[in-house]
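S.K.: Pasting in a structure now, in structure tokens, and then I'll have a few things to ask.
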């Protein structure tokens, strides 16, 4: 008895409990499907044999019916010939009795074959119906198995991602980012300070240059005044 036959013998809640206890539901389901395919092959073969036997029985019944009618017709024909004087009456009656005996024997045999045929045809119909149910269940379970495999793959992938996320030290990463941010801000402040120092130095140099130029001009003006006044 395969796994599906066993599962069908217990209730829905017990089915879930049995599945939960399986070490690998997919492998168990695949094994069950292999057994189901084997059962389906055996059922198909058995149906074919019963169907063939029904056909042979029906052919035998038709043959018995034909032979039975033939012997009945022969009995009548013999008596007709005896009536017309073609055959001795005593001999004709003997042959007619033998023909009627065979007619009755074949008639009874055809009736027995008819009963057998009825049983075989009923069995054939039931086996065909059961075979179709097995086919439908196989297709349904194979489809469900494909869906289950896909869900398992997604579940495993999701589990792996969640596991990796769970192993990530969020606080450590945030702390590291904060330190990097602080370091970058310090670097930016240093660059800004260097720029300001550079600008201050440039301004002082420019001012000194201007003041230097003004001093020379003043000296020239003073010298001109002294020369105009005759001061050596």
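Please treat every number below as a calculation from the coordinates, not as lab data. Worth saying up front: this structure is predicted, and the values here are computed from it rather than measured. We place every Cβ from the backbone using ideal geometry, glycine too, and count neighbours over all the protein chains shown.
S.K.: Give the relative contact order (percent, whole number) for the range 22-176; include only Cα pairs under 8 Å separated by 6+ residues.
M.R.: Numbers: 94 pairs, mean separation 51.1, N = 155.
33 percent.
S.K.: Let me ask another. Could you check the simple spin-label distance between residue 55 and residue 133, using points 7 Å along Cα→Cβ, in nm with one decimal?
M.R.: Once both label points are built, they end up 2.6 nm from each other.
S.K.: In nanometres, what is the gap between the two model label sites at residue 179 and residue 228, each 7 Å from Cα along Cα-to-Cβ?
M.R.: 7.5
S.K.: Under a crude label model (7 Å from the Cα following the beta-carbon direction), how far is residue 89 from residue 44 in nanometres?
M.R.: In this crude label model, residue 89 to residue 44 measures out at 6.8 nm.
S.K.: How much FRET efficiency would the formula 1/(1 + (r/R0)^6) give for residue 153 and residue 28, where r is the Cβ-Cβ distance and R0 is 22 Å, rounded to 0.05?
M.R.: After rounding, the FRET efficiency stands at 0.80.
S.K.: Taking neighbour counts of Cβ atoms within 10 Å as a proxy for exposure, in what order, fewest first, do 87, 191 appear?
M.R.: 191, 87
S.K.: Starting with the fewest neighbours, write out 47, 194 ranked by other beta-carbon atoms found within 10 Å of each beta-carbon.
M.R.: 194, 47
S.K.: Sort 68, 38 so that the residue with the fewest other Cβ atoms within 10 Å of its own Cβ comes first and the one with the most comes last. Walk me through the intermediate numbers first.
M.R.: Numbers: 68 20, 38 11.
Ordered by Cβ neighbours within 10 Å, fewest first: 38, 68.
S.K.: Another one. Just the C-alpha atoms of the range 122-163: what Rg/Rh do they give, with Rh taken as the Kirkwood radius? Walk me through the numbers on the way to the answer.
M.R.: Working: Rg = 18.1 Å, Rh = 12.6 Å.
That ratio equals 1.44.
S.K.: Calculate the FRET efficiency for residue 186 and residue 163 from the Cβ-Cβ distance with a Förster distance of 35 Å, rounded to the nearest 0.05.
M.R.: 0.40
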